[in-house]
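Below is one structure, written out as C-alpha cells; comments come after it.
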Amino acid sequence: MATPNLSGSRSKSKRRHIDSDPAVSSDEDSVPHIDSWPRFLVIEGVDGEPLKINPFVVSKSIEGICGTVQNVTRLRSGSLLVECARRQQSQNLLQAHHFADTEIVVSVHKTLNSCRGIVRDYAKCLSDMSEDEIAAELKNQGVTSVKRFSRKDGDTFIKTNTYLFTFALTKLPSSIKAGYFNIGVDVYIPNPLRCFKCQQFGHGAKSCRNKQVCSRCSQNHDGTECTESIKCANCSGEHMSFSKSCPSFVRQTKILKIKYSNDISFADAKKLLEKESSPSTLSYSAAVSSSTLKVDHGKANKQQKKKSKALKHTEVPSTLTAPLEVHNSFEPLDMEVTPSLPLQHRGPSPRSRSPIEPP
C-alpha cells in the first residue's frame, strides 16, 4: 500500500503556524500605531467674544451635536473648553457653527492637545536623517515635528544628538520605536516665558496690556538706547531683567520643573513650592530655649540612668533578717509602772496622801 506524501502538507502547516503566531511578527506590525486626534476644543463667540448662553442651552446643544462629552469647563475669557471622549465627537464639534440661535467658532486648543519631550540619541541612529524625515517616519507614533539642538563652538554651530519631539498626544509617551531601536523620551521643561514689553513672567508681548518697561533700568520707556543704572524690574536687583541669575527667574524655573515633572497645573506647582520653601514659624529665642531644654532633659535622663545602674549593684539589707543593735550602758529597772490618770479627772484622788506640813 502506497503511503501518501505529507512533506508538502507539513511544510504548509509549518508556514501557517509561523504566520499565525503572534510572537513572530514583522517590524511594521510591532510598531505602535497611535490614534492621535484633538481631544480639547475651544468654543467661543464670533470675533472672540464670550458666549452669553445659559448652561442648559449649552449642554443640550452639545448633546445634540455630538452626544455626551467627557467634560465642559468655562474659561476666564468666557469661552468653553470641551474635552471629547471619541474622535467622532471632535469631528462633529469642529463642523458646528451654531448653538441654538447664537453663532459660534470651534477651534483646537493650542497647547492641551500636544506635548513635547526630549529624545537623546546615544546610539546616533538618527544622526544621518533630517528633521522632516524623522517626523515622517514617526508620524504613526504621534510625532508632528522634530527639532535638533545645536551648540556653538566658536563661530560655528555643531549639531548635537539631542532632539525636541512634539507629539499630538495629551500624555507624553515613555519611549519611541525608531526601526529596531527603542529610545526613551524625557520630560521637556521650557524656560520661563517673559514679556519683552513689561518684563513680567507668565505671558508674551502680544497679549500684554501693561505699560512699556525698560529691561535695563525698569523705568517706563524703551530700553534699546538706555544708559541709566541697572535695576531689575522684577526683583529690583542690580542686574538686567532678563538675567538668569535673577531670583524671580530661578523661582519661575522651579515652579515649571514641578509642573511638568508632576503633570499638574501652574497654580498647584506654585503652592507646592511655597510649602517646601516656607520658613518655620518658631522664633529664634523659642528655638534656642527648646533646644536647651532638650539638652538639659537629655543630661537628666543620662544621670538618672547612671544612678539606677549604680543602685542595682549595691546590696540593701533586709529589715526582717538584720538584727537591731541598741547601745545602752544602763540595765533595765526592776519596777512596776502604772498608767497615768486620764486627763478628764483633774481633782485629787481619794487614795492620795496630803502633804506633810513642816513644824
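General remarks:
- Condition met for residue 123 (in a loop (DSSP other than H, G, I, E, B), surrounded by 12 or more Cβ atoms within 10 Å (Cβ to Cβ) and not charged (D, E, K, R)): no
- Test: residue in region 200-219 that is farther than 21 Å from residue 36 by Cβ, buried (at least 16 other Cβ atoms within 10 Å of the Cβ), outside the structural domain of residue 259 (by TED's automatic domain parsing) and at pLDDT 90 or above: no
- Residues considered: 150, 145. Of these, the only one that is part of a strand (DSSP E or B) and loosely packed, with under 14 Cβ neighbours inside 10 Å is 150.
- If only residues of region 84-106 that are among the charged types (D, E, K, R) and under 39 Å from the mean Cα position of the chain (by Cα) are counted, the one that is farthest from residue 69 (Cα to Cα) is 87.
- For region 164-190, the set of residues classified as of a type in the set (Val, Ile, Thr) and outside any strand (DSSP E or B) consists of 170, 189, listed by residue number.
- Residue satisfying condition, being surrounded by 15 or more Cβ atoms within 10 Å (Cβ to Cβ), in a loop (DSSP other than H, G, I, E, B) and at pLDDT 85 or above, within set 248, 243, 229, 236: 243
The values are calculated or read from the model by the stated rules, or taken from the named source; none is laboratory data. Predicted, not measured: the structure shown is a model, and the values here were computed from it. Glycine gets a Cβ as well: all are built from the backbone with ideal geometry, and neighbour counts include every protein chain shown.
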